[in-house]
1. When you look at residue 324, is it at pLDDT below 95, surrounded by 18 or more Cβ atoms within 10 Å (Cβ to Cβ) and farther than 24 Å from residue 212 by Cα, yes or no?
2. Could you pull out the residue among 69, 60, 79 that is among the polar types (S, T, N, Q), modelled with pLDDT under 65 and under 30 Å from the mean Cα position of the chain (by Cα)?
3. Only residues that are free of Cβ contacts under 8 Å to residues at least 40 places away in the same chain, in a strand (DSSP E or B) and β-branched (Val, Ile, Thr): list them for region 125-183, please.
4. Run residue 204 past the list (1) buried (at least 21 other Cβ atoms within 10 Å of the Cβ); (2) in a strand (DSSP E or B); (3) modelled with pLDDT under 95 and report the number of the one that doesn't hold.
5. Residue by residue through region 224-240, note down the ones that are of a type in the set (A, V, I, L, M, F, W, C) and surrounded by 18 or more Cβ atoms within 10 Å (Cβ to Cβ).
6. I'd like to check something: does region 286-295 contain any residue that is in a strand (DSSP E or B) and modelled with pLDDT under 90?
7. Consider region 148-177. How many of its residues are surrounded by fewer than 17 Cβ atoms within 10 Å (Cβ to Cβ) and touching a Ser or Thr at 6+ places or on another chain (Cβ under 6 Å)?
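The values are calculated or read from the model by the stated rules, or taken from the named source; none is laboratory data. Not measured: the values here are computed from a predicted model. Because the Cβ atoms are built from the backbone with ideal geometry, glycine has one as well, and the counts that use them run over all protein chains shown.
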Amino acid sequence: MSKIDESKLRNMLAARRRYSNLGQEDFSRSWERRTNRRASEVLLKSFLAKAGLDADVLNQLMADNKHEQHEMRRFMDKQKAEAAKYLPSRYDTYRRGIDNRKNALGYLATIPAPFVSWFATLDKPFIIYEYPHFKYLGETHIESMNSWLKFYIDSSSAFINSDSTEFIFFFVWTNESPYAAVVNVSSSVALSGYCEESTVGGFFSGNSSFLDISAELTLWEWWEDPPQQILAGNPSQVLDIDVQGGGIFGQHGKSEKQNFDLNSYDFSYNNMFFIPGSSTAVFQVSLNVRYTVDDSSSDGNVTADFSTDPNYFVLCPSVQLEVLTPPPGASALAPSTPS
């Protein structure tokens, strides 16, 4: 197996994250606006009690406020402009996937028929990682068909209103043949643990909490300098909870909980990944987590627990390759790259 430089891994993850977290800053600021509204409600509650004003009437007036509508429009316009800035990078990644597939199809056309594909199993990752920081990752274990990690997130103990992180299994495969290889790629993750969100109520509305978890597969052309990524489709949604605390006329505090009993999430890339002869490819299986609580001083909280029980973990057993080209040592008349 080719030696993988960890600093090179971090550089490629940093480049990927620059546009994969598009809108994260504005997303956090939108939650800050909710926090500011909660602070205003504390003052209004006292004022209304003294003045004898109808809270429902004032709530309606606030909903119709032109200034609030203008601020929302500015927020949406800014998001649109931010998205436009990252479109060239996204297009480059998309275009690279198309070019890679074109190479694969061109190469397969040169191989004499008939030919039966064969399978290679990458039965364990070469490293388990958290990016951009090792803040939540706990115990890890690497073993054939039984590699796992543990993590625990508690927004109240972390004292952070909003955060995002990636838990990553990295697999590597080297094409030992001097001829090119074309592969389809598949993998999966299984989750055992639980997630919980809770909010407290307010006068008009309570605080809010948000938790999003997704899993995805990324293919890296490690032979390029710097390595280039190919995305294997959209991430698989694992969890998406947005909880809003109620006001005095509705349900005051709220909570939601999701148990994971080895829930499995599968993903694959069947567009034929082209790997030149004597070259190495890296396969990244990621669990992406982000959360926000708009008022850390309240009793609202987000918990993602995949650690505190011996049977809590995130498991990634393997990456499976369906190789559509002859194995090393077999006769192959095709050149390493399409003409």
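1. Working: at pLDDT below 95: yes; surrounded by 18 or more Cβ atoms within 10 Å (Cβ to Cβ): yes; farther than 24 Å from residue 212 by Cα: yes.
Taking the combined requirement at face value, the residue satisfies it.
2. 79
3. Correct list: 140 only.
4. Of everything listed in (1) buried (at least 21 other Cβ atoms within 10 Å of the Cβ); (2) in a strand (DSSP E or B); (3) modelled with pLDDT under 95, residue 204 misses just condition (2).
5. The initial filter retains those residues of region 224-240 that are of a type in the set (A, V, I, L, M, F, W, C), namely 230-232, 238-239.
Matches in region 224-240: 230, 231, 232, 238.
6. Start the filter on region 286-295 by keeping residues that are in a strand (DSSP E or B), which leaves 286-293.
Of the ones still in play, those that are also modelled with pLDDT under 90 are 292-293.
Looking for residues that are in a strand (DSSP E or B) and modelled with pLDDT under 90, one finds at least one in region 286-295, hence yes.
7. Just the residues of region 148-177 that are surrounded by fewer than 17 Cβ atoms within 10 Å (Cβ to Cβ), to begin with: 154, 156-160, 174, 176.
Keeping just the survivors that are touching a Ser or Thr at 6+ places or on another chain (Cβ under 6 Å) gives 154, 174.
Adding up the residues that qualify gives 2.
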